[in-house]
Amino acid sequence: MPAVLGFEGSANKIGVGVVRDGTVLANPRRTYVTPPGTGFLPGDTARHHRAVILDLLEEALTEAGLTSQDIDCIAYTKGPGMGAPLASVAVVARTVAQLWNKPLLGVNHCIGHIEMGRLITGATSPTVLYVSGGNTQVIAYSEHRYRIFGETIDIAVGNCLDRFARVLKISNDPSPGYNIEQMAKRGKKLVELPYTVKGMDVSFSGILSFIEDAAQRMLATGECTSEDLCFSLQETVFAMLVEITERAMAHCGSQEALIVGGVGCNMRLQEMMETMCQERGARLFATDERFCIDNGAMIAQAGWEMFQAGHRTPLSDSGITQRYRTDEVEVTWRD
């Protein structure tokens, strides 16, 4: 019964998780939160991660009731993500692996989300909508690869939401997306925003540019409220995501849809996806904030699958990469 320890720190979340044979034994996490109107810079985020990662490691082992001797493998996020945070966490993972004399595994962050979603929900072969601050992809598994059927051609949907929040000075605590979701519930007017779907791909930069240019004028003239803008933004970008997911499901003949990534926590997105799935006679699978937001257990779970399939990452290849596409990884642990 292998137990895998996973380190995740590709953006402003830092997590350490422990997974043993499909059971999450521990999954503590911390978030680097910046003031309203600001984002998080790589250097500052890396300093935050370095300050808390050893405490998280101790917390994870204590929560799991394990010692270093009980751990069979160390997994870490190799990429994609922000360079400085990734590098800080990779250094710790390499050090721990050598101190404890354990094998090391570099994990693709996107695949970590997918494998955690499959584990928690029990979805067998879903079409995956992966939506986060750094990635927006529609994915389906075929012939030992997670194939990308559609994606953003510019910024990720989560990045669009985060930067929209900066325009309106919405709080980053606990996250901009969560606060936008709550404000959207009070919105009553749908403001027409650019809707850009190009085949299987989407674009969010035009929506963001429109809002950056027009938001303050619209608010000052009383044309709409901040809540109306939050509501309108969600309705528009989520409709785009549902459209390309449905198209991918039709192409694959899929009867399952799985939402993963931090934006996947949004209940309005889940509601819109559920409506689409019901109309197709399909099932929707989604997780809550414990597992859809970046966390160490998802890296541990993907690492567990890779470890069981015989994968190992030599120290000479244990660096990080900010650009690491989902379809670059050979998925040898699935039929």
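Quick notes on this structure:
- Condition broken by LYS169, with the remaining ones in (1) within 22 Å of the chain's Cα centre (by Cα); (2) modelled with pLDDT of 95 or more; (3) closer than 26 Å to THR38 by Cα satisfied: (1)
- The lone exception for THR275 - which of (1) within 26 Å of GLY122 (Cα to Cα); (2) open to solvent by 10 Å² or more (accessible area, probe 1.4 Å); (3) of a type in the set (Ser, Thr, Tyr); (4) in contact (Cβ under 8 Å) with a residue 60 or more places away in the chain it fails: (4)
- Among the residues of this structure, ASN27 counts as one that is in contact with a Lys or Arg (Cβ under 8 Å, 6 or more places away or on another chain), crowded, with 23+ Cβ neighbours inside 10 Å and polar (S, T, N, Q).
- Selection count, the range 172-212, where residues are in a helix (DSSP H, G or I) and open to solvent by less than 70 Å² (accessible area, probe 1.4 Å): 14
- ALA297 meets each of the listed conditions (1) open to solvent by 50 Å² or more (accessible area, probe 1.4 Å); (2) within 30 Å of ALA97 (Cα to Cα) apart from (1).
- Residue in the range 285-293 that is more than 18 Å from CYS110 (Cβ to Cβ) and buried (at least 16 other Cβ atoms within 10 Å of the Cβ) present: no
- Test: residue in the range 68-83 that is farther than 21 Å from ARG312 by Cβ, of a type in the set (S, T, N, Q), open to solvent by 40 Å² or more (accessible area, probe 1.4 Å) and in contact with a helix residue (DSSP H, G or I) (Cβ under 9 Å, 6 or more places away or on another chain): no
- Selection within the range 34-65: residues that are β-branched (Val, Ile, Thr) and in contact with a helix residue (DSSP H, G or I) (Cβ under 9 Å, 6 or more places away or on another chain). The member of this set that is surrounded by the fewest Cβ atoms within 10 Å (Cβ to Cβ) is THR38.
- Within the range 243-262, the set of residues being open to solvent by less than 20 Å² (accessible area, probe 1.4 Å) and either within 22 Å of MET183 (Cβ to Cβ) or among the hydroxyl-bearing types (Ser, Thr, Tyr) (or both) comprises THR245, SER254, ILE259, GLY261.
- Wholly enclosed helices (runs of 4 or more DSSP H) of the range 28-140 bearing at least 1 residues within 30 Å of SER254 (Cβ to Cβ): 109-121
The values are calculated or read from the model by the stated rules, or taken from the named source; none is laboratory data. Everything numeric in this text was worked out from a predicted model, so none of it was measured. Glycine gets a Cβ as well: all are built from the backbone with ideal geometry, and neighbour counts include every protein chain shown. Ligands, DNA and RNA are stripped out before the accessible areas are found, and what is left, the full protein with its side chains, is counted by its heavy atoms. Shrake-Rupley method; radii C 1.70, N 1.55, O 1.52, S 1.80 Å.
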